[in-house]
Each structure stands twice: as structure tokens, then as C-alpha cells.
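> Here you go, one structure.
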Amino acid sequence: MNPAPPEPSPTVYVIGDDPAIRASLARLLEEVGTACVPYDNAIDFLRDFDADAPGPVCLVLDVRIPIMSGTDFHKALIGRGIGVPVILISGHGDIPMAVEALQRGAFDFIEKPFRSQHLLERVQQALDSDRRRRHLDAEHHSRQQRFDRLTPREREVLDRVVQGMTNRQIAEEFGVSSQAIDAHRTRVIAKLGVENVAQLIQIVLYHRGQSGPPAST
Amino acid sequence: MARHAPRDRTGPGTVDAEPVAPADGWTQHERLVTRRVRSVFLVLVLVLLAVSLYSGYRVRLIDAEIKEFSLRVVPLQQLIGQLQRSVLEQRRIVRELVGADPPAGPQREAQVVSFEEASRTTHTQLGRALQLSELAVDDSPPAHEYERVDRLLRAFGVELEAYERAAAAWTAAAPGPEVSDPGAADALEQRADALGRRVDQVRLLFEVYAKSMAQRVEQLGGNARWLVGGVATGQLMLVLLLGAYLRYSINRIHRRQRQQEQRELRQRDELAHLSRVTTAGGLVAGLAHELNQPMQAIATRADAARLSLERHAADPAASRDTRDTRDPRLAGDLDAIAAQATRAGQIISRLRSFVARREPHRQPISVNTQVHATFALLRSAGRLDGVRLSARLEPGLAPVTADPIHLQQVLMNLIQNAVDAVTAAEGPDTRDPHVRVESQKLDGGRVELRVVDNGPPMADEQVEQIFQPFFTTKGDGLGVGLAISRSLVEAIGGTLHAAANPDQGMTFTVRLPVATGYPPPSGVASGRTDEPASPPTPPTAGVWL
Ligand SMILES: Nc1ncnc2c1ncn2[C@@H]1O[C@H](COP(=O)(O)OP(=O)(O)OP(=O)(O)O)[C@@H](O)[C@H]1O
Ligand SMILES: [Mg+2]
């Protein structure tokens, strides 16, 4: 499936309590052609943020009182299922805090003072990462839809194909002809949009890895 | 008066002589001068004392002599004069009786009687004269004069007796002139002459003596006047001198008190400064972080501006087209850079003015402004550790006369203590650590500042202790914060008290007198106008961002 060529423009959300820093970051990002939405507090951001809006986003967080409020914010983000990459900026620069932030899934931790180039690079990478994430999400989504189109019998056949059973073995188990199984398999391959069994196994494993045991239910 | 002199002198002297001399703050020179002045005073007082005592002694002597003169010399002189007269009277009667034409019969009898009377008078007078001279010989200083008089008087007495006996014998033996014995009469006459000479002698002698005595007494009287004047002058000078010394001492004590006060003031300022430096040491890390903010903004702006320029340079067409739109953005960058540089400067100068060592400068200031300034300093130093800090300030308060840095220091100490208290009470029920600063107008031209916390309350007996220097319950505390705060507040006529709140935590209350000449007619000018750049944001430290 090919995504629409005019990709939605990326947006960087800058959250920080220092207006000067916010404004300077916005100015820098706009200079390189990235839309920037500043917020002076996280609560407003959480209220406004629309995770379903198109276009890659990333979050630049200028934290003042980091650990505690950062934790709360991350919890809030995760609680809302917002998977945007977060770049933390801090002037405190203490290692435990950086480690904790990264462990909690922050995209990066940048210590003040930083070079603008460095920040821009990391923002680009974060946007790329979000772009990838969104792409994968979209693929996953369409694949899920395709899986949903399979009939129960087709799923059972798929399960067994992935387990490595031959047509004959499957036919024996179900007490039908191996031609019937072959027909099922061909339909499954068609419905899921793959070319051969190898690809079929790949995407099924990938799908399961992404979202748990899906088709077996 | 003179008796008191030494006591008064040693009075202030003992104060100086305390063994704490090096700590009393006198310079070597001052002590030397003091010692000299004191010894000069001592010598003068002693001389005057001696003069007074000697003069007094002399005056008493003169007094005694003059009394002697009027008690002995004068009466004796009079007695001798009377004696002479009565002897002459006796002699006259005898002459008549033994004369060429002696009276007879009752006339003669009368003459004899009057002779006897004169004789009695003479004896009485002689007796008294002898008595006087005898006494004088016994206890008068110029005794030899009296001795001569006495001797003469005694000789006179002997001769008088002899004369009287002769006269009596004669009158008895010769009842009339017809039986007169010219020889006996001659002898009697000779005796009478001798007697007269004697009494003349006594009188003469004594007159000379009395005259010299009178002269002496007169001279002594002059001396005495002079001496009395001397004594009086001496005593007057003594009084003046003591007055001067007392004044000098009192001035000296005053000067010393002033110096002591100044020294204490200096010490207090130094201690306050030291404590500010310590406090600032704790703020520095946070302030360094705070400095990062404008620095970062400046760097980012500068990079953005450079990128902008590069983009325009790479695209001359765009440069022409966007000249109009490009300029405002670059100008905005430059403005922002300038503003952030100023901000960084302010952070530094806020810290610098807090720790600067300088003379206290009292001026009318708004307490609310200082509360905001302290908040800014504390908050920018990130010292609040998740404590909610809020202010409830009464607008339009009259200013107080104080050094702004000292007031900030007091607030800083109180707020820091409160923050320490509410964060130290780390327990299961420390949900909402909160410190509130309140200001309020009081009656009687005063302004009140309160720092209220919801930490653990303190027992009353502990509240008494916490203002003592070096009392602390903190591991890293010096224990001088409250002591210094109180002395700073008291130095501007205010008070600082602590009390436990009825429910929880403590309240520290500062009361300050309003600056003289306030409140102004209409309360237009409040602390708002001269507030620093940071707006009175509702403090929400601890809440996310
Ligand atoms: N708000 C408060 N609540 C409870 N206890 C307090 C409060 N303020 C002061 N104290 C007590 O008073 C003591 C003395 O305070 P003070 O400010 O003089 O010294 P410190 O804070 O210990 O040291 P530092 O010299 O660093 O200020 C503190 O150690 C603390 O025990
Ligand atoms: Mg203290």
C-alpha cells in the first residue's frame, strides 16, 4: 500500500515555562521550516493534543523541576496512548534524571546549553521516528483489517500453515481434501496481499509480535 | 566636698581599669591620653586639697589668737588701767591724811573709810588681773609676755600690801597731824611713789604689749581674710575641676558608648553579610541553572538569525523578495538577544546585590516589592523543592524605612526556614507542603509581614530558644538565621516573633514601623510601580512547569 505522496507537514510541540526559551526554539524550528506550537504548560498541551491528527510530531520538553513532574507527564502521555517521541531539555544535567527519562521512553535527553544544530538534528530524527511509527501503525492497521476479513476456517488454516504443517496434514486434521486446503491457502494469500508462503509467515509473525496472539482466537 | 573628690575620680576610673582592656576598643593613643588627663587631674586636686587644708588650719590659728586677744589682752588692759586709777586714788587719800593739813574728826574718819574702799577695789582688781595673767601664762602661746606682766603684777601686789600695811600702821599710830612723824610720812610717800611707778610700769609694759597684739591681730585679720579667700577659691576650683573631670568622663563614656554601638553595628552588618554569603552559596547552583535560560535563548536566537541570513544569501531572489519580511524577524532576534542579555545581567546583579558587602542604605521601600524580589531569588535558585509558595499581600501598603537587601535577607531566612520545616517533615501525611507570605497594614503606623508554614509546630519553650545565635536543629544549619533576622529587624525599630499555629506549623511575624511622612495623602503609590521585571505571578512551584 502506498501512502499519499503529499506528506502532512511535521509539527513540533515545544512545552516550557520560560517564554524566552519557547520563543527562541519556535523561531529556530520555523527557520528550518518546521511548524512549531509552543505551550507554557503540559496540561494545556494534553488538553489540545490530537493524537489522530495527520503528520509527524515530536515533543520538546523544557523541564524545570524534572523528575517528579516529568514522571507525571509521562504517565499522562502513556495513559492517553500518546506515543509521540519526547525530547527532554534540562539545565540540571544530572545523569540519574537523564537515565530515568530515557528508561521511561524519552526519545532523547539534551542538556542545556546545547547547540542549535544538535537540537535540530535530534528533532529531525524524532520526527523521522514518528513518521516511521505512524507508517508502521498504518500498515499494521491495514493488515489488521485484512486479517479481519479472513473467515474462521481460513484463520485455522493460516495458523497451521504458519506452524509449518503441510496441506496434507491440515487436510487430514480437518477431514477434508487437500485441494480444499490449498484453495483456502490461496484465498488467505490473496486476502493478506502477499505473494508466497514465506511472506505470509513473515507478516503473521510480525503481526503477532506487534499485537499479541491475534488470529488464533 | 573635698572629701568626695577621690571617690568621684575613681568612679569612672574603675570602669577603665577592667582587665578586658584590649577588648574595650580603645586605641593605645586614647588610653595614653586618658591616663595623662587623669594624672593631671589628680595632681591638681591634691594641690588644691593641700592649700585648702593648710589655709583652713591657719585661719583656725588666727581665729584662736584673735579670740585670745579679745578674751585676755583687752580685759587685762582695762583692769590695769582701773588698777592704776584706784592706786592713784589710794595715794591721794593717804597724801591728804598725812599731808600738811590733815583732816580731823569725822572728816578723817570718812577719808579712812574711803581709803579702805579704794584698797578693796584695788585688791579685787589686782586679784582679777592676776587671775587672768596666771591663766594666760598657763595656756596662751605668747606666754613670756604674760609672765612678765604676771611677775610685775605680783611684785606690785607685794608692794601694795607693804604700802597698805605701812599706811595702816601710820594712820593707826598717828591719829592726827599733830603727832605726825615726818620721817614716817616720807617713807610712806616713797612707798607710794614706788607703788605708782610699779603700776605705771605694768601699764606701760602692757600697753606696749597690747598695741603690738592689736597690730598683730589686725595683720592676722588681713591674713585670715586672704586665707579664707584662698580656701574659698581653692574649693571653688576644686568643684569646677571635679565638674570638668566629671564632664570629661561622661563625654568619654558617651563617646565610648557611641563607638561601642558603632562597633556592634559594624559587627552585625558583617555577620549579616556573612550569613548572606552563606545563603547565596546555597543559591548559586540554582542561579547558575537560571542563567542557562537566557544564555540558551540567546544562543538559539543567534543561530536562528544566522540560518536566516544564510538562507537569504543562498537565494538572492528570495533575498530581494523577502527583504521586507526578513528584516522584522532578524530585528526580533536581535531584540530578544538584547532582552535576554539584560535578563542574565539582572540575575547576576540580583545575586551580587544580595551578597555585596556594602554600607546599609536605608530608604523608604515597599515590603511587597521585597517579597516579590525574594520570591524571584528563591524561585530562580530552584530552592523550593516542590513546596508551594504563595503570597497574600495587601496592596497599597505604606513604605517602611529599611535596607532592601536586609529585608530580603530576613524574608529569605524565614522562607528558607519554613521550606526546610515543611520538607523536613517527611512523613506519610505530608501531602501539601505549603509556605505563605502575607503582608498587612496594622494600626499605629505599622506594617506586618507573616511567614506561615504547615510544617511541624514547635513547643513553646523551643520557640524561646530558636532566636539564640547558633541554635539549630539542622545538620547543615549554622543557627544564625533567626538571630540575625531579629537584629536586622530591631535595628529599624521593628520586632520579630514566632508562634505555633493553632492547627499546624509556625508563623513568624515581622512588624515594622511605617516610614516617617507616610502614608501619603492618597494611597496611589503602592509597591506595584517599582516592582521588578518579574510579575507577581501566583507562585506554583512544584506543580508541573
Ligand atoms: N518555620 C519553622 N518551623 C519549625 N522550626 C523552625 C522554623 N524556623 C526555624 N526553626 C527552628 O529554629 C532553628 C533556628 O533557625 P535559624 O534560621 O536561626 O538557624 P538554621 O536555619 O538552623 O541555620 P541557618 O543559620 O542556616 O539559618 C532551626 O534549626 C529550626 O529548628
Ligand atoms: Mg535558617
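> Using a 1.4 Å probe on protein heavy atoms only, how many Å² of accessible area do B and A hide from each other, summed over both chains and rounded to 100?
The B and A chains share an interface burying roughly 2400 Å².
> Further, regarding this structure: Kindly report the accessible area of the range A:11-138 per residue (heavy atoms of protein chains, probe 1.4 Å, no ligands, DNA or RNA), in Å².
43
> Once you have a ≥ b ≥ c as the square roots of the Cα gyration tensor eigenvalues for the range A:4-65, tell me rounded if a/c is under 1.5, and otherwise prolate or oblate according to whether a/b is larger than b/c.
The shape class here is oblate.
> Can I ask one more? Please sort A:128-138, B:381-391 by packing, taking for each peptide the average over its residues of neighbouring beta carbons within 10 angstrom, highest first.
B:381-391, A:128-138
> Give the long-range amide H neighbours of B:Asp403: residues separated by 5 or more places, or on another chain, with amide H under 5 Å away, using H modelled in the peptide plane at 1.01 Å from N.
Distant-sequence amide H within range of B:Asp403: B:Gln363.
> Ok, one more. Pick from A:Val161, A:Val63, A:Val37: which is most flexible by mean-square fluctuation in a GNM of chain A where alpha carbon atoms under 10 Å apart are linked?
Of the options given, A:Val161 has the highest mean-square fluctuation.
> Sticking with this structure for a sec: Please turn the phi angles of the range B:330-341 into ³J(HN,Hα) values with the Karplus equation 6.51 cos²θ - 1.76 cosθ + 1.60 (θ = phi - 60°), one per residue in order, whole Hz, x for glycine and proline.
5, 4, x, 4, 5, 4, 5, 4, 4, 4, 6, 5
> Using a 1.4 Å probe on the protein heavy atoms only, what accessible surface does A:Met165 show? Give it in Å² to the nearest 10.
For A:Met165, the solvent-accessible surface is approximately 50 Å².
> Provide a list, ordered by number, of residues in the range B:382-398 showing at least 10 Å² less accessible area with every protein chain present than when their chain is taken on its own, using a 1.4 Å probe.
SASA drop of 10 Å² or more in the range B:382-398: B:Gly386.
> Rounding to the nearest 20 debye, state how big the charge dipole of the range A:11-138 is about its Cα centre with +1 on each Lys and Arg Cβ and -1 on each Asp and Glu Cβ.
220
> In addition: Under the classification rounded if a/c is under 1.5, otherwise prolate if a/b is larger than b/c and oblate if not, where does the range B:343-461 fall, given a ≥ b ≥ c as square roots of the Cα gyration tensor eigenvalues?
Verdict is oblate for the range B:343-461.
> Also: Taking Cα pairs under 8 Å and at least six residues apart, what relative contact order does the range A:83-137 come out at, in percent?
Result for the range A:83-137 is 42 percent.
> Cut-off under 26 Å on the C-alpha distance; same-chain residues fewer than 8 positions from B:Lys67 excluded. Which lysines are left, in chain and number order?
Cα-Cα hits under 26 Å: B:Lys211.
> Applying 1/(1 + (r/R0)^6) with R0 = 60 Å to the Cβ-Cβ distance of B:Leu204 and B:Leu46, what FRET efficiency is obtained, to the nearest 0.05?
0.75
> To continue, here is another question. Output the relative contact order of the range A:150-209, whole-number percent, from Cα pairs under 8 angstrom with separation of 6+ residues. Write out the running numbers ahead of the final one.
On the way: 36 pairs, mean separation 19.2, N = 60.
Here the relative contact order equals 32 percent.
> With all protein chains present and a 1.4 Å probe, how do A:Arg187, A:Arg115 order by accessible area, largest first?
Largest accessible area first, the list is A:Arg115, A:Arg187.
> Next question. What order do B:Asp453, B:Asp476, B:Asp315 take when sorted by accessible area (1.4 Å probe), most exposed first? Each step should come with its number before you reach the end.
Details: B:Asp453 10, B:Asp476 140, B:Asp315 65 Å².
Greatest to least solvent exposure: B:Asp476, B:Asp315, B:Asp453.
> Heavy-atom accessible area per residue, the range B:360-521, 1.4 Å probe: how many Å²?
44
> At 1.4 Å probe size, what's the solvent-accessible area of A:Ile95? Round to the nearest 10 Å².
120
> Under 5 Å between amide H atoms, partner at least 5 residues away or on a different chain: which partners does A:Tyr39 have, H built in plane at 1.01 Å?
A:Val14, A:Ile15, A:Gly16
> Can I ask one more? Distance between Cα centroids, the range A:138-177 to the range B:441-463: provide it in whole Å.
Distance between centres, Cα-based: 78 Å.
> With springs connecting C-alpha atoms under 10 Å apart, model chain A as a Gaussian network and identify which of A:Ser177, A:Ser24, A:Ser142 has the largest mean-square fluctuation.
Between A:Ser177, A:Ser24, A:Ser142, it is A:Ser177 that shows the largest mean-square fluctuation.
> In addition: In whole Hz and in residue order, list the ³J(HN,Hα) couplings for the range B:482-490 that follow from phi through the Karplus curve 6.51 cos²θ - 1.76 cosθ + 1.60, θ = phi - 60°; x for Gly and Pro.
Couplings: 6, 4, 5, 4, 5, 5, 5, 5, 5 Hz.
> Where the accessible area of the range B:358-492 is counted over protein heavy atoms with a 1.4 Å probe, how much of it, in %, is carbon and sulfur?
Values: 2880 of 5870 Å².
With neighbouring chains kept in place, the figure for the range B:358-492 is 49 percent.
> Taking square-rooted eigenvalues a ≥ b ≥ c of the alpha carbon gyration tensor, is the range A:11-138 rounded, prolate or oblate, where a/c under 1.5 means rounded and, failing that, a/b exceeding b/c means prolate?
Rounded, since a/c falls under 1.5.
> Sticking with this one: Sorting B:Glu264, B:Glu189 by accessible area (1.4 Å probe), largest first, what list results?
Working: B:Glu264 95, B:Glu189 45 Å².
My answer, sorted largest first, is B:Glu264, B:Glu189.
The values are calculated or read from the model by the stated rules, or taken from the named source; none is laboratory data. Please read these numbers as outputs of a predicted model, since none were measured by experiment. All Cβ positions, even for glycine, are placed from backbone atoms using ideal geometry, and neighbour counts span all protein chains on display. In case anyone asks, the SASA skips ligands and DNA or RNA and just uses the protein heavy atoms, side chains included. Shrake-Rupley method; radii C 1.70, N 1.55, O 1.52, S 1.80 Å.
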